[in-house]
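Below is one structure, written out as structure tokens; the observations come after it.
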Amino acid sequence: MRRVVTVVAAAMAMVVLVLATAGWSVLRHYDGRVSHVALRFGSGVDRPSPAGGGTQNILLVGSDSRAGTNGAFGQTDGQRSDTTILAHLDANGSTTLISFPRDLWVTIPAYTDARGTDHAAQRSKLNAAFSYGGPSLLVSTIETLTGIRVNHYVQIDFVGFQGMTDALGGVTVCIRELPAGLKARGFDNLHDRFSGFSGQVGENRLDGAQALAFVRQRYGLPESDLDRIRRQQQFLGVIFKRIASSDTLLNPSQMINVVDAATAALTLDDGTSLADLRLLALRMQSIGSGGVVFATVPAVASSRAGQSVLLPDPATLATFLKPFGGSTSEQGTTGALSVVPGGSGGAAVGTGSRTAVPVGWTRPLAASVVAADAPAAGAAPAGCTY
């Protein structure tokens, strides 16, 4: 059975942080080693206006390409955008990382595939957009949903993520214990045969392969994709704290190993260089002090075309997007369009949150999932996730 695997898009910005601290000459050197992809939009595509005023929006994408993994994570044709984060760098100095669940039910705009066949706008899960039309269609899909213009596109695959984690000597994450009521219902956040993750309650020291399994797990988590996003957000905070530590910054050989691993697996759009991402890297240095905020696109569990999906509510989504200069439209969230059956992923359980939260804050599970099983406030160490 096909299993789509998650890659944490955070690793991309981690690379730029290392390069930014190393200086412009190193930045130029490594810029020649990254891959580039052309973003092509049809004449009928109406892209949102640029934010202007110094605000930037950078789409960070973790692709599930299995190239170079020797089948360690299963086999699948092509790629899907299994982790999608929009980094909103506001001109006022604030930084928000907006996560888009892979099972979000969205409008995929009209496109022409690689064979030259035209396809009308349709509804499907978000992670199908990349599979159908690559980075260009994914960017169009995000822009259609949010009304936010994407300035830069950044992508990384499995091999680079795992290599960078190993180059850092591993990382430590924290897992909170599931309430007894959830365990009795079959939830298990410590062992997952699909991702290969096996851990313990409390702190877990992870190498590259283990870290990849940690952020891939979705089965066994009470809120599936949403809990997986929370794991990714925790990991993002941990990895940047590790890079910003004196142990890393004062270890040139370690920094070189991290950058070498990253640039071998990094893809930017053809209008973006590593230098263009320097602001992102500089902003990310404040992740440990609360200067970076995480948010998740609000959605509720539903079913479409026989699939479990996360369905955004237009009014709630509009309120969520407003602070970022975004907006919703009938085309992006409602209306009669064809539906694409199939897609990937298991049941999506629970609700999204429209409230941006500081790094290290753990959202409680939705009441519809845990009911009386929710642990008491303060029961888990700060920064722990399911």
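No value in this document is a laboratory result; all are computed from the given coordinates. Please read all numbers here as calculations on a predicted model, not as lab measurements. No Cβ is skipped: glycine too gets one built from the backbone with ideal geometry, and neighbour counts run over all protein chains shown.
Hey, which aspartates and glutamates would be in cross-link range of Lys322, C-alpha to C-alpha under 19 Å, not counting anything within fewer than 8 residues on its own chain?
Output for Lys322: Asp90, Glu143, Asp313, Glu330.
Across segment 120-231, what fraction of all alpha-carbon pairs, as a whole percent, falls in each successive 5 Å bin from zero upward?
It works out to 2, 10, 16, 17, 15, 13, 13, 10, 3, 0, in whole percents.
Once both labels are modelled 7 Å past Cα along the beta-carbon direction, what's the Ala91-Glu203 spacing in nm?
Distance between the two pseudo-spin positions: 4.4 nm.
Mean separation of Cα pairs under 8 Å and 6+ residues apart, divided by the residue count of segment 198-317: what relative contact order is that in percent?
Working: 60 pairs, mean separation 17.3, N = 120.
Here the relative contact order equals 14 percent.
State the Kirkwood hydrodynamic radius of segment 101-151 in Å, one decimal place, computed from all pairs of distinct Cα atoms. Show your work: numbers first, answer last.
Details: mean 1/r = 0.0918 Å⁻¹.
It is 10.9 Å.
Hey, for a label at Arg185 modelled as a point 7 Å past Cα toward Cβ, could you say which residues of segment 298-321 have their backbone N under 18 Å away?
Counting backbone N atoms under 18 Å from the label point, the list is 300-303, 308-310.
Work out how much length Asp270 to Ser253 would gain on full extension: take 0.36 nm times their residue separation and subtract the Cα-Cα distance, in nm to one decimal.
On the way: separation 17, 0.36 × 17 = 6.12 nm, distance 2.95 nm.
Extra length from Asp270 to Ser253 when fully extended: 3.2 nm.
Compute the orientation-averaged projected area for segment 177-251 from the convex hull of its Cα atoms and round it to one decimal in nm². All intermediate terms of the calculation are to be shown ahead of the outcome.
On the way: hull surface 21.2 nm².
Mean shadow area of the hull around the Cα atoms is 5.3 nm².
At 7 Å along Cα-to-Cβ for each site, give me the label-to-label distance between Arg193 and His36 in nm.
Spacing of the two 7 Å Cα→Cβ label points: 4.7 nm.
To make sure I understand the rule: partners must be lysines, Cα under 18 Å from the Cα of Lys183, and not fewer than 8 residues away in the same chain. Which ones qualify?
By straight Cα distance, Lys183 reaches no lysines at all.
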